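Below is one structure, written out as structure tokens, with a few remarks after it.
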Amino acid sequence: MTVISVPGSATDTVVPTTRRRRKHNVLLIVGLTLFGLLVLAAILAPVLASHDPIQQDLANARLAPGSPGHLLGTDELGRDIYSRLLYGARIDLRVGVLAVVSPFIIGTVLGLVSGWFGGWLDTVIMRIVDVVVAFPFFVLVIALVFALGAGTGSIYVAITMVGWVAYCRIVRGEVLVAKEQEYALAARASGLPTWRILFRHLLPNVVLQAVIYSMSDIVLTILAIVTLGYLGLGVPPPTPDWGSMIQDGQQFLLTQWYLATIPGIAVVITGLALALIADGLVDRFDRR
Amino acid sequence: MNYLAFVLRRLITLIPVLFGISLLVFFMIHLVPGDPAVTLLGSHATTSAVAELHKQLGLDHPIWRQYLTFLNHLLHGNLGESYQYKSSVTSLISQNLLPTVWLIVAGVILAVLISVPLAVWAASRRNRLADSAIRTIPLVGLGMPAFWLGIMLILLLSLKAGAFPASGFGTGTLNHVRSIILPGLTVALALVPILVRSLRASLINVLQSDYIVTARSKGLGAPRVVLGHALRNAAISSVTVLGVNIAYLIGSTLVVEKVFALNGVGFLMITAIFNRDFPIVQGVTLLFAIMVVAVNLLTDISHAALDPRVRLS
């Protein structure tokens, strides 16, 4: 957190800080509420959906939003867009959130180990990190999913292979600072086993930055999933996914602009919710 | 440490990275358990096609020898032969490189032209309305898929307003410029949220330093202080910010080229994905990594040239 420094007036430095903290708590609540609603919509998709998301109805194809019975209209095969959007959220949110779990764990553990032990282990891990970050994120994920074959399983593997490096770098940096602090020295001096120092004492102090980063990582991962769907490398059709919905809609841009527009807005709202949570977390918990 | 020694040391650190990149790209086809030839050609491939690929890739040799052969070819600029086009991947890449380079350059220029004024405006009116408005850009922008942004720009600026071509690269320099503006804008807008956020932060940091206070107390006006004094120092750190994020920008060209049917290397790679043309996918992935490494090197070198303090650390 940045503190506005106005020389000589203690109150001036305190007042804007608390006000900002309160304001961002609001942001955190708004973000959590928004994201909660999205998750709820995804879970309750079978209840909320007005139609079967893969049921075709060619007689009622490409209806405009607001048409009777079809809240957001229908696509080129007459499938209900509102229902497809809900079922798409099921896929995209679930894969987006689940896909960051293993990179989070692997990156955090490697970052802990790398920062704590240093030496050749640190050098090796950091060289591997250097190699992975040399590739543009989307390019490597797309190439790996292609090599592994399209589908959700490949997405999990590819995101894990690429995503762990960010957590590793963040946690390593935190550990380098934390291990010189007194509580870490004390734990060391009292002869505790290393794994206990690492996971019981160090981890709770360094994991916050990784958690904050994971919010934007979920956004990045959802973008990757949607991009893969757009390129036809995502969930195989006819299962709805926001990316493939945009791809399907692109060819009707001139006549039915909303086909490609609506799913994109869903992605943007998801990103906004997570960005609000991340910003809120920074101001709520980050003491710097 | 003098400048030359810094550059030399930086060049040496490239060796393990380049080595690692070649390893990763090589092992991509071995990710899936089983016969890589079957993986590449798909399960419907004929036995003779699989056998031919075996011979071509040298899959019957031990893995370390396959890698050494791959590395040897690589060092001679040989990235293998495309299955579909029956010509060398290197020549296919060089034929398609121009639009991608145009796109990256246009993207960087537009990103800077959009981000710098916004960041300066936000930093100099800190916590006021303009600042708050500009700070919402990353919140909304970071979750925006680049390809969707491209489609929206086509819809608004090409189909509705008719100002720019919706796809292709055109012929002749003038048409190239007209064709590259929309894709360039798409790539730039994907980067703007990141750039604005870090530029604003570094400007605010600089604006709090002693020499700015001195400049202010001398009675210089706000525009002079911000543009003449602060921006110059903030620019150094923004070069680094731009360098760090160039990987992101280069990555987004891939899908943006697909949206605008711009026949660059990204488009080549996407087309190759549909045709299961592995050597092209492999070659372009490698090229993208080398571009990022080269840009990072240039960033570090120019950063050290601009700011002597960097060399000491």
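Bear in mind these aren't lab numbers, they're just calculated from the coordinates by the rules spelled out. These numbers were taken from a predicted model, which means no experiment stands behind them. Here the Cβ is made from the backbone with ideal geometry for all residues, glycine too, and neighbour counts use every protein chain on show.
Structure values in brief
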item	result
For q = 0.17, 0.23, 0.28 Å⁻¹, Debye-computed log10 I/I(0) when each Cα of region B:199-253 counts as one equal scatterer	-0.57, -0.81, -1.04
At q = 0.09, 0.16 Å⁻¹, base-10 log of I(q)/I(0) for region A:158-288 (Debye sum, equal scatterers on each alpha carbon)	-0.43, -0.88
Alpha-carbon centroid distance for the pair region A:204-260 / region B:161-191, whole angstrom	24 Å
Within region B:209-267, chymotrypsin sites (Phe, Trp or Tyr not before Pro) in DSSP loop having at most 14 other beta-carbon neighbours inside 10 Å	none
For the protein assembly as shown, size of Cβ-based charge dipole, Lys and Arg +1, Asp and Glu -1, in debye	2020 debye
Set of lysines near B:K160 by C-alpha distance (under 30 Å), chain-local residues within fewer than 8 positions excluded	B:K258
Chain B, relative contact order [Cα under 8 Å, separation at least 6], %	24 percent
Compactness relative to 2.2 N^0.38 Å, alpha carbon Rg of region A:19-87	1.53
Lys/Arg +1, Asp/Glu -1 at C-beta; chain B dipole; positive extreme among B:P183, B:W64, B:S238	B:S238
Charge dipole of region A:24-285 about the Cα centre (unit charges at C-beta), most positive-ward option of A:L34, A:V282, A:G111	A:G111
Dimensionless Rg ratio for region B:1-74, taking C-alpha atoms and the 2.2 N^0.38 Å reference	1.59
Spin-label zone in region B:119-135 - amide nitrogen under 17 Å from a point set 7 Å from the Cα of B:Q208 along the C-beta vector	B:122-128
Expected 222 nm ellipticity per residue - DSSP helices of 4 or more, -39500 (n - 2.57), all of chain A, to 500	-24000 deg cm²/dmol
Degrees, to the nearest 10: B:3-27 long Cα axis against longest axis of chain B	40 degrees
Residues A:L176 and B:V38, FRET efficiency given R0 of 45 Å [Cβ-Cβ distance, rounded to 0.05]	0.45
Value in Å of the Kirkwood radius, where region B:33-115 supplies the Cα pairs that are averaged	15.7 Å
Convex hull volume per residue for region B:167-298, taking Cα atoms only, in Å³	129 Å³
Top of A:V226, A:V30, A:V131 by mean-square fluctuation, Gaussian network on chain A, Cα under 10 Å	A:V131
Cα centroid of region B:237-260 to Cα centroid of region A:32-46, whole Å	32 Å
Theoretical ellipticity at 222 nm over chain B - DSSP helices of four or more residues, -39500 (n - 2.57) apiece, nearest 500	-24500 deg cm²/dmol
Rounded to the nearest 20 debye, dipole of chain B from Cβ charges on Lys, Arg, Asp, Glu	1360 debye
Orientation-averaged projected area, Cα convex hull of the protein assembly as shown (nm²)	32.7 nm²
All Cα pairs of chain B, percent lying beyond 38 Å	29 percent
Cα-centred dipole magnitude for region A:24-285, charges only on beta-carbon of K, R (+1) and D, E (-1), debye, nearest 20	640 debye
Region A:85-212: Rg to Rh, with Rh as the Kirkwood radius over Cα pairs	1.07
C-alpha long axis of helix A:101-117 to longest principal axis of chain A, angle in °	20 degrees
Percentage of interatomic Cα-Cα distances in region A:238-288 larger than 12 Å	68 percent
Equivalent ellipsoid, chain A (semi-axes from 5 times Cα gyration tensor eigenvalues, Å)	42, 25, 15
Chain B: angle of helix B:265-274 to the longest principal axis, Cα-based, in degrees nearest 10	40 degrees
Column: log10 I(q)/I(0), Debye, Cα scatterers of region B:40-166, q = 0.12, 0.19 Å⁻¹	-0.80, -1.16
